[in-house]
There are 2 protein chains.
Amino acid sequence: MIDTKQKILDTAERLFAQQGYAATSMRQIISEAGVNLAAIHYHFGSKEELLDGLVQRKAGPVNAERLALLEAAVKAANGRSLQVEEIFEALLRPMVTVASQNDQFVQFMGRLFSEGLMPHVIRKHFHEVMKKFMGALREVLPELPEQEFLWRVHFMMGALAHTMCGAPESLQLLGVSAGFQDRIDRLKRFLSAGFRAEGKQ
Amino acid sequence: MIDTKQKILDTAERLFAQQGYAATSMRQIISEAGVNLAAIHYHFGSKEELLDGLVQRKAGPVNAERLALLEAAVKAANGRSLQVEEIFEALLRPMVTVASQNDQFVQFMGRLFSEGLMPHVIRKHFHEVMKKFMGALREVLPELPEQEFLWRVHFMMGALAHTMCGAPESLQLLGVSAGFQDRIDRLKRFLSAGFRAEGKQ
DNA sequence: GTCTATACTGAGATAGAC
DNA sequence: GTCTATCTCAGTATAGAC
């Protein structure tokens, strides 16, 4: 059945989002999905490749929207140089779009980062879009020394990843309420100021 | 033997730094340390508590130096309000101090974050120092709305955690060479500008 | 091609002898 | 304090039914 594959994907997505990747065993997935253990290996090959399939399914649309927004902004600028805020807007806004459709999505993606699964799985799906946005940022900040620029991209990715992490790990900031839309706006202001700061060397 | 406990700690620290926490099995630790498997459970209770002991041993001195530097800066200011740069200096400089003594330290601490072990183990050892520094920052940025301030602290922690991550995961930024001292300076500039940005609401 | 049953290896944890 | 033996559960691999 093609239904089996779907049931596995849906159940895995829900459990990974709720409990995390490491804490979710394949036996729990197949139990709640009502399929056999070996079915996962037949359809995906391994637990990590199951995650990979999940990321592709969820991150694909987000990244597509990111690139579309960036391109639209470039077109709308009509030759004028973009503002860093406009670039971050294109990068961050799609997360709001998807978050409003699926509450668990943000938590799911955030967990992947916080669980350190970035190198093997995430990098692969975000490398392309990151390259594009780094190029756009670089164009707008030509006076920034190369090393300084690269490190700021690094800082940005850390802040971004940490921000996507859901509520569970953010309890310490007692009052951080507000919706996702709000969160994105605050991050945009923070990052824009950080990138605009004068660089050295 | 009290020697057993030390051998376990030293070996675990080395292996965790080199391979990560999850990828290092207790059997590998006891094998290279030349002790018995049950010895870890006798001395520490569990793998996670072994990590906890390690973090305490390594993070304790760093956090002590952080608080000392902050207090010294306040004293030197002599009633004058601190600059955000001075606060970040006190927060970040101790990492350089320790990194110059032990190359593996930074990688070790960074890995803990990137492996998602922050919530249960790290939080406990850094909560105190974070509270102090948040208070100092808040005093210097009184005009910032509370929610905006809290979120910026959140962003900062993400950037900080990601920055401490060693080279292995940072390959993508091909050229990010430079020493740890340099890295800290760049982060200081980035964060200071981010916190100084005008807040909304 | 799809799926089930079952076995294999290695992980962390624990009880009890010495 | 230390060690042996054992337990449970994880991810993985394979043989074979339909």
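Readers should treat all values here as calculations from the given coordinates under stated rules, not as data from a laboratory. Just so you know, these numbers come straight off a predicted model, no measurement behind them. Ideal geometry is used to build each Cβ from the backbone, glycine not excepted, and the neighbour counts take in all protein chains shown.
In percent, rounded to a whole number, the relative contact order of the stretch A:1-96 is 22, using alpha-carbon pairs under 8 Å and six or more apart. Ignoring aspartates and glutamates fewer than eight residues from B:K47 along the same chain, the ones with Cα atoms less than 15 angstrom from its Cα are B:D10, B:E13, B:E115. Over chain B, DSSP H runs of length four or greater, each weighted -39,500 (n - 2.57), average out per residue to a 222 nm ellipticity of -24500 deg cm²/dmol.
By definition, a body whose alpha carbon gyration tensor gives a ≥ b ≥ c is prolate when a/c is 1.5 or more and a/b is larger than b/c, and the stretch A:18-131 fits this prolate description.
Inter-copy label distances at B:E85, shortest first and taken from points set 7 Å along Cα to Cβ: 2.6 nm. Which log10 I(q)/I(0) values, to two decimals, does chain A give at q = 0.09, 0.17, 0.19 Å⁻¹ under the Debye formula with one point per Cα? Listed by q, the Debye log ratios stand at -0.40, -1.16, -1.36.
Placing a label point 7 Å from the Cα of A:D103 along the Cα-to-Cβ direction, the distances to the matching points in the other copies come to 4.9 nm, shortest first. Cα centroid separation, the stretch B:87-106 to the stretch B:31-83: 12 Å.
Modelled spin labels at B:A68 and A:E146, positioned 7 Å past Cα toward Cβ, are 4.0 nm from each other.
Backbone geometry of the stretch A:40-46 corresponds, through the Karplus equation with coefficients 6.51, -1.76 and 1.60 at θ = phi - 60°, to 3J(HN,Hα) couplings of 4, 6, 5, 7, 10, x, 6 Hz, x marking Gly and Pro. Remark: the protein assembly as shown carries a charge dipole of roughly 20 debye about the Cα centre, counting +1 on each Lys and Arg Cβ and -1 on each Asp and Glu Cβ.
Across the copies of the chain, A:D3 has label points (7 Å from Cα along Cα→Cβ) spaced 6.6 nm apart, shortest distance listed first.
What does a probe at A:E85 reach in the stretch A:186-201, counting residues whose amide N is under 19 Å from the point 7 Å along Cα→Cβ? From the stretch A:186-201, the list is A:186-198. Residues B:Y42, B:Y21, ranked from the fewest to the most other C-beta atoms within 10 Å, line up as B:Y42, B:Y21.
Take every Cα pair under 8 Å whose residues are at least 6 apart in sequence, average their separation, divide by the length of chain A, and the relative contact order is 25 percent. Cβ crowding within 10 Å, taken as a proxy for footprinting-reagent exposure, orders A:V106, B:V98 from fewest neighbours to most as B:V98, A:V106. When the Cα gyration tensor is reduced to axis lengths a ≥ b ≥ c, the ratio a/c is 1.5 or higher for the protein assembly as shown, and with a/b not above b/c it is classed as oblate.
Classify the stretch B:81-129 as rounded, prolate or oblate from the Cα gyration tensor: take a ≥ b ≥ c as the square roots of its eigenvalues, call it rounded if a/c is under 1.5, otherwise prolate when a/b beats b/c and oblate if not. It is oblate, given that a/c is not under 1.5 and a/b is not larger than b/c.
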